[in-house]
Each structure stands twice: as structure tokens, then as C-alpha cells.
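Scroll down for the structure; my scribbles are underneath it.
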Amino acid sequence: MFLVNGISATTVSAQDRGLTLGDGLFTTLYLKNHQPTLWPYHVARLREGCARLKLPLPDVDRLYEQCCQLAAGYDEACGKIIITRGAGGRGYSPQGCDTPTIIVSAHPYPIHYHDWQFSGIKLEVAEQRLGCQPMLAGLKTLNRLEQVLLKNELDERSIPEAIVLDWQDHVVEAVTANLFWRKGEQIFTPDLKLAGVCGVMRAFVIQQLHSWQYEVTSVSTGLPALLDADEVWITNALMGVVPVTGIQDVKYQDHRFVQRLQNALAALA
């Protein structure tokens, strides 16, 4: 089900800059108990993204109401909020584009994530690399062609997920998730100043660990540091916190922090 500018519809203008230029952003939500979870984190993401792309921030209370409206038809679902700059002319200039397009939708939940949460997932390393673009790093813009090509690689290799590096051989993220690892009592996550997406579940995990007196260090590092970890996990808004059981030939059997984070998330939901 889709709401386009608050009206039930499945189409937008052929001149919409989200279509013609990828000019916009989105956030993906876990809809549970007929409402979006981690809502304050999504609002913070939308606020930052709109500010950096110089888009007007929609009425977040109205967005929340629309998410609840669509969630009413599901026990759990995948929600999505898309904000584009709206319809415009042929060129790049955003001048005159004063009316953004707001699309809110709900979709069936990918139930395999429940299996991942319980049993974990083994990762490979993607062959394709992410480009570095500090102007857009951290944002979830509508231009997701890198992820489309990476997901196609997963399909062709018949693997569920993979670690993605940038062109400097730094670990950035998984194809559809953020990444954390623990060595002893130290916890790390990739620095996303040049590439990658700052996910809402990533923000939740960092804040939760901070409340337990654990600091998360953002680092630019290669694959060897990850392979030397004692515990690894991936996160996104839909999958929550998923333990990584192995990367290539390296296995991880200690998932104590994952279990604590999963319990904290369940209590919040």
C-alpha cells in the first residue's frame, strides 16, 4: 500500500526529480504493533538528510500518522518513507522545485531475518567496491545503483550477504547492513565519512552500548582487523541485530554482545 502526498496512489510525475535524478532520500522502517519502531532515530535521519540535501523537512507527526495507518494491516511489516525534491525541469538546478513528493508505503516483512537473528549468518567479501563521496556519505539517497550492482553480485554468487570494501581497501559495511566487531572489550564500527550509510539501527546500537559504558570506535581499517575479531554482527532497521558466524574461512562463536543487544531491542519494541 502506498500514500503519495497523503493520497492512496502508486504513481508520480514523469518529471519527478526522484525518478529523473535520484534527487531525494529515504528511510526504511520496521513496523511492529501497528507503529514504526525507533521512530526518533528515523526522524533524526530524515532531519539530517533533508538539511544536507537542502530539502524541506516534511511534517514528521503527519509521517508518523501515515506509517501507523499503513501498519494497521500487518502484524509486522517493512515501511518506507521517500522524500524527493518534487517535479522539475530537465536540468540539474533545483530552483523552482518548491513542492517535495512524499511517499509512504508498507510491504510484507522479510521473514528470513528472524532465522538470521537466531542462527546467525556467514559472510563473504564482495568483489565490487564502493566509491568514496564525502558529500553524500552517511546518507540514504535515492541513488542506490552501487547497492543494486552489489545485490546482483550476491544473487549471482548465491550468497546472502557480503562485506563491502571501498577502493582504498577499507571495510565500509555489508551490502544491506551496517557492521560492528568486538576485540576483547573494545568495539569497533567502520568510519563512514567517505562512504556507506549511517543506519538507524547503527545509531541505536551505539547509544545502547554507550549506556552500558562501552564506547564504539569508528575506524578506517582493512579486512584483517575484522578477521581478527572475537565477535562480529550486522544491523539494519529490519533485521535488527544479527550475529555473524563466519567471514570466509574464519568462524566466530562468541555472540554475547549480540544477545544483549537483541534483548535490549526486544524490550524497546
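The values are calculated or read from the model by the stated rules, or taken from the named source; none is laboratory data. Predicted, not measured: the structure shown is a model, and the values here were computed from it. Cβ placement follows ideal geometry from the backbone for every residue including glycine, while neighbour counts extend to all protein chains displayed.
Quick notes on this one:
- Residue match in the stretch 205-220 (condition: of a type outside the set (G, A, S), touching a Pro at 6+ places or on another chain (Cβ under 9 Å) and either outside the structural domain of G131 (by TED's automatic domain parsing) or in contact (Cβ under 8 Å) with a residue 40 or more places away in the chain (or both)): no
- Reported count of residues in the stretch 4-48, each being part of a strand (DSSP E or B) and either within 24 Å of G96 (Cα to Cα) or within 20 Å of the chain's Cα centre (by Cα) (or both), is 14.
- Here L55 clears all of (1) part of a loop (DSSP other than H, G, I, E, B); (2) of a type outside the set (S, T, Y); (3) out of contact with any Pro (no Cβ under 9 Å at 6 or more places or on another chain) except the condition numbered (3).
- Test: residue in the stretch 252-267 that is crowded, with 16+ Cβ neighbours inside 10 Å, touching a helix residue (DSSP H, G or I) at 6+ places or on another chain (Cβ under 7 Å) and over 27 Å from I159 (Cβ atoms): yes
- In the stretch 169-185, the residues that are outside any loop (DSSP other than H, G, I, E, B) form Cβ pairs under 7 Å with partners that are surrounded by 24 or more Cβ atoms within 10 Å (Cβ to Cβ) and of a type in the set (D, E, K, R), at six or more places apart or across chains, as follows: N178/R202; L179/E173.
- Checking V148 against (1) more than 27 Å from L31 (Cβ to Cβ); (2) assigned to a helix (DSSP H, G or I), the condition it does not meet: (1)
- Of A174, A229, A225, all but one fail to be aliphatic (A, V, I, L, M) and within 21 Å of the chain's Cα centre (by Cα); the exception is A174.
- H114, sole failed condition from (1) under 30 Å from P160 (Cα atoms); (2) in contact (Cβ under 8 Å) with a residue 12 or more places away in the chain; (3) not in a strand (DSSP E or B): (2)
- Residue in the stretch 187-195 that is over 30 Å from I81 (Cβ atoms), outside the structural domain of G79 (by TED's automatic domain parsing) and in contact with a Gly (Cβ under 7 Å, 6 or more places away or on another chain) present: no
- Matching option when the condition is surrounded by 15 or more Cβ atoms within 10 Å (Cβ to Cβ) and at pLDDT 95 or above, among R62, R129: R129
- Only residues that are surrounded by 13 or more Cβ atoms within 10 Å (Cβ to Cβ), more than 21 Å from N33 (Cα to Cα) and not hydroxyl-bearing (S, T, Y) were counted in the stretch 90-115, giving 5.
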